[in-house]
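Structure, as structure tokens:
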Amino acid sequence: MIRTVLRRLGWTIVVLWFVVTLVFAMVVAIPADPARAMLGPRATPALVDAARATYCLDRGVVGRYGCWLARLAHGDLGESYRSKRSVGAIIAERAWPTAQLALAAIVLSLLLGAPLGILAAVRRGRWPDHAVTALALLGQSAPPFVVGMVLLDVFAFAFGWFPIGGYGDGGWDRLHHLVLPAGTLAAVGVATYARTVRATLGEVLDEDYIRTARAKGVSEAQLVGRHALRNALGPLVTLVGLDLGVLLGGAVVVEAIFQWPGVGRELLQAILDVDLPVIVGVVIVCAIAIIVANLLVDLVQLAIDPRRR
Amino acid sequence: MSAHTHAKLADALRRGRSALWIGALLAIAIVAIGVLGPLLVGDPLARDLDGGLTALGAPRGPGVAGLLGTDDLGRDVLARVIGGAGTSLAIAGAATAIALVLGGIVGLTAGHAGGRVDRVLMRGVDLVLAFPALLLAILLAALLRESALARSSVPVALTLGLVGWTTTARVLRDAARTLARAEHVVAARALGASPGRIVVRHVLPNVAGVLVVLTALGFAQNLLAESALSFVGLGPPPPAPTWGRMLFEGRAYYRTAPHLIVAPGLAILLSVVAFHLLAEGVRARAAGPR
């Protein structure tokens, strides 16, 4: 058990190193002068040289790499070209809205996706199965902003049930503002989870121990609820961890549609402004968050499921 | 075999087949539109300055000017959706090809060589997989935008290809791993065939079905990813009309002129559904009755 945990921790550190190094390699590979980009076209040569020294741009690739690692280790992500604020501070104040959005989307996709998958698996080959399969196909094929705009048009403009965007004032108002963006973000998740549950539960239901239980007169509801579901939901937990990347990627689009003041909208603005430190900072912080979350998912599974140890 | 299982089996078979046929027909039609599109409609960049816009300068609705109306610059939306098909499909196709070649080389090498080479290569794949794909694509596209390639569609295709090869590598590695122990491969090796010959003559033909599924799924994924990149402003540069770019440009008008979103949105949705169905159908057929 302890060896497995230690190995997992070691792997996490390797992954973190790889991500940081890959980003560094990509930044170094582009032929642009960050110091000039940061200071603008009218900066004096002395100012440019000073900035170069601060960011180690006057050194070779190895020197810059060491400098980059040292700055990251101190939590220093540089400063935004546009607002001149520290990138770390910008991300820190945008992280919570995105975390709320992502959490709401995960909860929503599990709450909708799992029951749909169970329904399809229990009624295999009949119309509920076909309906769920078709719905899942649609959910996996629709671009997120098209889903978002349809939801916005129907539930915000036509019916007026939900606000058209914004962050809300906390409490119920926040929740009210959260429904449409989280629903949009959850569309892919609902489809994926429904399909996964249908497939895994379907397989489990074909197994011998289920047939034995059925032969012994266990009711269908008990069969699914107590015997099959437990073994079928394992892959789902792994999938939620793996999907975090897709989720944060989708958040960029969803936050833009619903004016949700999160990391994704900051990233979008940074892309429009060609604000490289912010783009790099957001990508690194999101990648680290996902890697750590996946570590936690694995550790929780190790604790719950003895077969994995 | 009970009547119930029998019915279920027949049903599964039927479904796999109809998915395959619908998917294949749709996919062929879409590719045909992409290739022949420019011949069928007018210039997607032509602006109709007299009839293309309302007196207030707003886009015209469907049916009023052209079958699908006009966009904010008075350009025919039908011409742009069909003219844009070629660019969108070409980008997704190029990205898929890059991913297939990269993933194929890594996966087949790992699966065929086995042992330490396999472990090292697959650990590498795990590393790349740990990086969130869309964020990696955004970063890569944002950086490539600064480079000399910026005025073309190359950065987008390259980005998606470099990000999307890992699934291919994994699946092909598993297939090659199984095949490495298959009798005909063992026999070929015993007869002195070189590793390259074994891969090309004995392994590749046997993974053809898997390759078709991977290609169709990757293609669908890349179509979606191209539109996502375009939506955040990192797609192919204007004026080339791609479906993603049309959504990006139309989103400001979606209340007053929803056709600017609906037309390219439906084009993407239909294409992605087509290639998903194709993949599903081929997979169901390859898996056989279960």
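Go through B:94, B:19, B:12 for me and flag whichever is within 30 Å of the chain's Cα centre (by Cα) and at pLDDT below 65.
The match here is B:12.
Name the residue that is farthest from the other protein chains (Cβ to nearest Cβ), counting only residues in the range B:182-227 that are within 22 Å of the chain's Cα centre (by Cα) and open to solvent by less than 10 Å² (accessible area, probe 1.4 Å).
B:207
Yes or no, residue by residue, for (1) touching a Pro at 6+ places or on another chain (Cβ under 6 Å); (2) more than 11 Å from chain A (Cβ to nearest Cβ); (3) aromatic (Phe, Trp, Tyr):
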site	(1), (2), (3)
B:106	no, yes, no
B:110	no, yes, no
B:116	no, yes, no
B:132	no, no, no
B:135	no, no, no
B:142	no, no, no
B:153	yes, yes, no
B:157	no, yes, no
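Is it the case that residue B:211 is within 22 Å of residue B:38 (Cα to Cα) and at pLDDT 80 or above?
no
How many residues, within the range A:150-176, are part of a helix (DSSP H, G or I) and either open to solvent by less than 20 Å² (accessible area, probe 1.4 Å) or out of contact with any helix residue (DSSP H, G or I) (no Cβ under 8 Å at 6 or more places or on another chain) (or both)?
11
Take the range A:247-267 and flag every residue that is open to solvent by 20 Å² or more (accessible area, probe 1.4 Å) and either at pLDDT below 80 or in contact with an Asp or Glu (Cβ under 6 Å, 6 or more places away or on another chain) (or both).
A:265
Give me the pairs: first residue in the range A:265-279 and at the interface with chain B (Cβ under 8 Å from one of its Cβ atoms), second residue aromatic (Phe, Trp, Tyr), beta-carbon distance under 8 Å, and six or more apart or on different chains, which are they?
That search, which allows pairs on different chains as well, returns A:274/A:81; A:276/A:81.
Restricting to the range A:218-246, what's the tally of residues that are out of contact with any Leu (no Cβ under 9 Å at 6 or more places or on another chain), in a helix (DSSP H, G or I) and either open to solvent by less than 40 Å² (accessible area, probe 1.4 Å) or under 18 Å from residue A:186 (Cβ atoms) (or both)?
Number satisfying all stated conditions: 4.
Pick from A:289, A:270: which is in the same structural domain as residue A:174 (by TED's automatic domain parsing) and open to solvent by less than 30 Å² (accessible area, probe 1.4 Å)?
A:270
Under the condition of being part of a loop (DSSP other than H, G, I, E, B) and among the basic types (Lys, Arg), which residue from the range A:48-84 is nearest to residue A:19 (Cα to Cα)?
Applying the filter and picking the extreme gives A:59.
Select, from B:226, B:183, the only residue that is within 20 Å of residue A:246 (Cα to Cα) and acidic (Asp, Glu).
B:226
Could you grab me the full set of residues in the range A:183-240 that are of a type in the set (Phe, Trp, Tyr) and more than 16 Å from residue A:111 (Cα to Cα)?
Scanning the range A:183-240 gives a single hit, A:209.
Yes/no per residue for (1) touching a residue at least 60 places away in the same chain (Cβ under 8 Å); (2) part of a helix (DSSP H, G or I); (3) within 24 Å of residue B:28 (Cβ to Cβ); (4) open to solvent by less than 60 Å² (accessible area, probe 1.4 Å):
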| residue | (1), (2), (3), (4) |
| --- | --- |
| B:241 | yes, no, yes, yes |
| B:244 | yes, yes, yes, yes |
| B:247 | no, yes, no, yes |
| B:250 | yes, yes, no, yes |
| B:256 | yes, no, no, no |
| B:266 | no, yes, yes, no |
| B:269 | no, yes, yes, yes |
| B:273 | yes, yes, yes, yes |
| B:281 | yes, yes, yes, yes |
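Check off (1) of a type outside the set (Phe, Trp, Tyr); (2) touching a residue at least 60 places away in the same chain (Cβ under 8 Å); (3) more than 25 Å from residue A:154 (Cβ to Cβ) for residue A:255 and give me the number that stays unchecked.
In the conditions (1) of a type outside the set (Phe, Trp, Tyr); (2) touching a residue at least 60 places away in the same chain (Cβ under 8 Å); (3) more than 25 Å from residue A:154 (Cβ to Cβ), residue A:255 misses (3) alone.
The values are calculated or read from the model by the stated rules, or taken from the named source; none is laboratory data. Predicted, not measured: the structure shown is a model, and the values here were computed from it. With ideal geometry, Cβ positions are generated from the backbone for all residues, glycine too; neighbour counts draw on all protein chains shown. We work out accessible area using only protein heavy atoms, side chains counted, and drop any ligands, DNA or RNA first. Shrake-Rupley method; radii C 1.70, N 1.55, O 1.52, S 1.80 Å.
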